[in-house]
Every structure is written in structure tokens, then in C-alpha cells.
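Student: Pasting in a structure now, in C-alpha cells, and then I'll have a few things to ask.
The values are calculated or read from the model by the stated rules, or taken from the named source; none is laboratory data. In this text the structure is predicted, and so the values were computed from the model without any measurement. No Cβ is skipped: glycine too gets one built from the backbone with ideal geometry, and neighbour counts run over all protein chains shown.
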Amino acid sequence: MRFMLVVLALISCVAWSAPNSVAILQYHHIGDDTPRVTSVTAQELEAHFAWLQENNFVVLSLADIQKRLAAGEPLPEYTAAITIDDGWRNVYRNGLAVFKKYRYPFTIFVNPKLMAEAPEAYMSWQQLRELQDYGANIANHSNSHWHMTWREASESEEAWRERVRKDVVEAQQLIDENLGEQPKHFAYPYGEYNQALQDILEAEGFIAFAQHSGPWGAQSTMTAIPRFPASAQYASLDTLATKLTSLALPVVEYTPKQPLLSDGRKAPMFAVQLAHTNDFNKGQMNCFAGGKVIQPSWQGNMFRVNLENPVPIGRSRVNCTVPSQSQNGRFYWYSHPFIRADEQGRWPD
């Protein structure tokens, strides 16, 4: 008994240590003549990179982060990663000077079939090889950027699984053949996934990145790793700075597991089980659904959020944040994605 009391006393004296947390930035177009919703200008991109440099961030490759988290190694206090989806030609044209200047590691997720079909719109293999000299890894975004969870009319589950598996494997083969062996990293087109797709990717040795926001931590689901969009209204450093310094909640379980709403539900709920709540006041957690602020209900280390209003058809997410008590100005951040289908089981791009 005396020994246990001594151990507890020692534990209570140990300072709370913030968890390993990585803010992954997600970009698409670089330019001022492309859809603003998925674009940053070259000036905005450079401002983001300059901010990372000025604020002593360590920018690591996804592969390096994956290796360190798997080994249980500590990450720098402020760690970021950079990802760019689709491989648009304007990324090379307008971003090359920025990449050369900062030499940060970054990942470009590409669609090899689209590259062949529309070479005027997408980077060539030669351009991607050049970007490798300035820090790029080239990763898998499927062969043709399709809604991967959709089954064709009269298509069986087994046939869909084989079609998905073949698409991913063939895209990876083309990437490796043209650029040398690349990390097995996958970004879901449109950020859409389900459990079956996650299982296929895991079986093929991939980790996968989605589009709901939040930092990547040691307890993140490795086939649904979150990223912060950094384009359009999200490009402002006034708000992006808060996201870059955010902390990963110690999530050990959550439900529902996949975003697509089932059984015709329109106003969903979700529940999240945490390993502990050592570093924040539960009453200070707020969740944001559209323009509505919701305070979750707590039972032990589990919180539950019930949405009163229907989510829109298509993709949406609920973000939950709570201030850290030990890390002044930093917030724990968790995002739960949802997809609501229409009566035909589809939704817009």
C-alpha cells in the first residue's frame, strides 16, 4: 500500500505532456485563375510557408511522421506536413519557386489515368520528377478521381471490391514505375471512404488521408487521417494559425465508424471515447455544426453529440474543440465527418 502511494505521488508531480500532434495542410490548385474554393495563390502559399518558418515549425514528410509515430518517438512541439491533391499543372507552374525557396518536404497525390487523358491540365511525370528534387513525394489519389464508395448498377460487393483494389494497385504501379518506389500513402478522392474501402487499403499496405479537419496523432485511425484545408477562406493565417497549433484528442474509440449515414437518418449523432481528459475542462468543449454551437454530453471519458438539425445532402463535418490547460493558446481538435446521400444513393462532387 505504501509503495502504491509513493508511485501515485510521483505521478502527480510529473508535468503534463502534450500529445504528439501534426497539422497536415491540404492544398489543390495554386493560382488566381482557378476555382477559389480549392485554390491558394502563390503569394498565399509563400505566406503560409514563411509563417511556419517564422514560428519555428518543423515540417516533416508523411513517411517520416508515420515512422516516428509507429516507433513511439516524440515529435517536435510544433510539427506540420504539407499535402497537395490532384497534381494540377498550376502547382508546378506557380508553386515551383516557393518549393525551391523553402525546400520543405511535401506530398503530391496524383491520378495517373487523368494525367494521361488530360496532359494539358495535370503535371507530367517529368515535372513531378523535378519536384522530387525540391522535397516532393508522389502518392496515390486513385487512378481517375472517382467516388470510390459508389457501386455500379447491378455490381456485386465482391466485384466492387476487386474494382477498387485493381484501381489502387494499378495507380501505385504507374507511380512507382515512373518515379521510383514511393511511400504507400493514399488520399481519398473527395475525402470519401467507408469501412470496406479502408479494409482494402489496409490489406494492400496503405495508410490513408481524408478531408475532415484535425491534427494527426498517435491514436488516429491510420486509414482516416485528418487534414486541414488551407484554401479559399481557410487560407487566412488569422484562423489557420489556430489549426496549425492544435492538439490531437486522445481518441480510443468512436461511433459511427464511417461517414455515410444509414437508414435514412438526416440528423445524426456521434460518440467519442477518450483515453483521458487530463488537460482540459470538459465543460469548455464546444462542437460546431454549420452555424450552430453544441455542447456535448459527457459520461466518464466519453462525449456524445446529437445534432438537432439535418445535415445537408453531400459531405459535411462537425468540429469539436476545447482549450488545453497546460499549453496556453492551444486547442484540442476533433472532427467527425458525415455524408448524406439523396434518394438515389448519390451526392454531388
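Student: Gly72 is checked against (1) surrounded by fewer than 17 Cβ atoms within 10 Å (Cβ to Cβ); (2) at negative phi and fails just one. What number does that condition carry?
Tutor: Here Gly72 clears every test but (2).
Student: Would you mind listing the strands (runs of 3 or more DSSP E) fully within region 278-334 where at least 2 residues are of a type in the set (Ser, Thr, Tyr)?
Tutor: Fully inside region 278-334 and qualifying: 314-323.
Student: Checking Ser213 against (1) outside any helix (DSSP H, G or I); (2) under 28 Å from Trp125 (Cβ atoms): exactly one of these is not met. Which one?
Tutor: (2)
Student: Taking Phe270 as meeting all but one of (1) touching a residue at least 24 places away in the same chain (Cβ under 8 Å); (2) surrounded by fewer than 16 Cβ atoms within 10 Å (Cβ to Cβ); (3) aromatic (Phe, Trp, Tyr), write down the number of the exception.
Tutor: Checking Phe270 against (1) touching a residue at least 24 places away in the same chain (Cβ under 8 Å); (2) surrounded by fewer than 16 Cβ atoms within 10 Å (Cβ to Cβ); (3) aromatic (Phe, Trp, Tyr), the one that fails is (2).
Student: Collect the residues in region 290-313 that are within 30 Å of Gln344 (Cα to Cα) and touching an Asp or Glu at 6+ places or on another chain (Cβ under 9 Å), keeping them in residue-number order.
Tutor: Residues satisfying the conditions are Lys292, Ile313.
Student: Does Phe228 satisfy being buried (at least 19 other Cβ atoms within 10 Å of the Cβ), aromatic (Phe, Trp, Tyr) and touching a strand residue (DSSP E or B) at 6+ places or on another chain (Cβ under 9 Å)?
Tutor: When the stated conditions are applied, Phe228 passes them.
Student: Continuing with the same structure: Looking at region 112-132, can you tell me whether even one residue there is surrounded by 15 or more Cβ atoms within 10 Å (Cβ to Cβ) and either under 20 Å from the mean Cα position of the chain (by Cα) or under 30 Å from Cys320 (Cα atoms) (or both)?
Tutor: Checking region 112-132: not a single residue is surrounded by 15 or more Cβ atoms within 10 Å (Cβ to Cβ) and either under 20 Å from the mean Cα position of the chain (by Cα) or under 30 Å from Cys320 (Cα atoms) (or both).
Student: Determine which member of the set Tyr234, Tyr193 is in contact (Cβ under 8 Å) with a residue 40 or more places away in the chain, assigned by TED's automatic domain parsing to the domain that holds Asp32, crowded, with 16+ Cβ neighbours inside 10 Å and not hydrophobic (A, V, I, L, M, F, W, C).
Tutor: Testing whether each residue is in contact (Cβ under 8 Å) with a residue 40 or more places away in the chain, assigned by TED's automatic domain parsing to the domain that holds Asp32, crowded, with 16+ Cβ neighbours inside 10 Å and not hydrophobic (A, V, I, L, M, F, W, C) leaves just Tyr193.
Student: Let me ask something additional. Of everything in region 216-248, what is in contact with a Lys or Arg (Cβ under 6 Å, 6 or more places away or on another chain) and either part of a helix (DSSP H, G or I) or acidic (Asp, Glu) (or both)? Give them in sequence order.
Tutor: Across region 216-248, the qualifying residue is only Ala232.
Student: Here's a follow-up. Looking only at region 19-72, which residues are among the β-branched types (Val, Ile, Thr), assigned to a strand (DSSP E or B) and within 29 Å of Ala218 (Cα to Cα)?
Tutor: Val22, Ile24, Val58, Val59
Student: Could you say which residue among Ala218, Ala232, Ala187, Ala224 is over 26 Å from Pro348 (Cβ atoms), within 18 Å of the chain's Cα centre (by Cα) and among the hydrophobic types (A, V, I, L, M, F, W, C)?
Tutor: Ala218
Rundown of residues vs (1) out of contact with any strand residue (DSSP E or B) (no Cβ under 7 Å at 6 or more places or on another chain); (2) without any contact (Cβ under 8 Å) to a residue 24 or more places away in the chain, yes/no style:
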{"site": "Leu128", "(1), (2)": "no, no"}
{"site": "Asn137", "(1), (2)": "no, no"}
{"site": "His147", "(1), (2)": "yes, no"}
{"site": "Ala159", "(1), (2)": "yes, yes"}
{"site": "Arg163", "(1), (2)": "yes, yes"}
{"site": "Asp167", "(1), (2)": "yes, no"}
{"site": "Leu179", "(1), (2)": "no, no"}
{"site": "His185", "(1), (2)": "no, no"}
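Student: While we're looking at this one, here's another question. Working only within region 137-176, note down all residues that are charged (D, E, K, R) and in contact with a helix residue (DSSP H, G or I) (Cβ under 9 Å, 6 or more places away or on another chain).
Tutor: Hits for region 137-176 are Arg151, Glu152, Glu155, Glu157, Arg161, Arg165, Asp167, Glu170.
Student: Among Gly291, Gly264, which is the only one that is more than 20 Å from the chain's Cα centre (by Cα), outside the structural domain of Thr38 (by TED's automatic domain parsing), at pLDDT below 95 and on the phi > 0 side of the Ramachandran plot?
Tutor: Going through Gly291, Gly264 in turn, just one is more than 20 Å from the chain's Cα centre (by Cα), outside the structural domain of Thr38 (by TED's automatic domain parsing), at pLDDT below 95 and on the phi > 0 side of the Ramachandran plot: Gly264.
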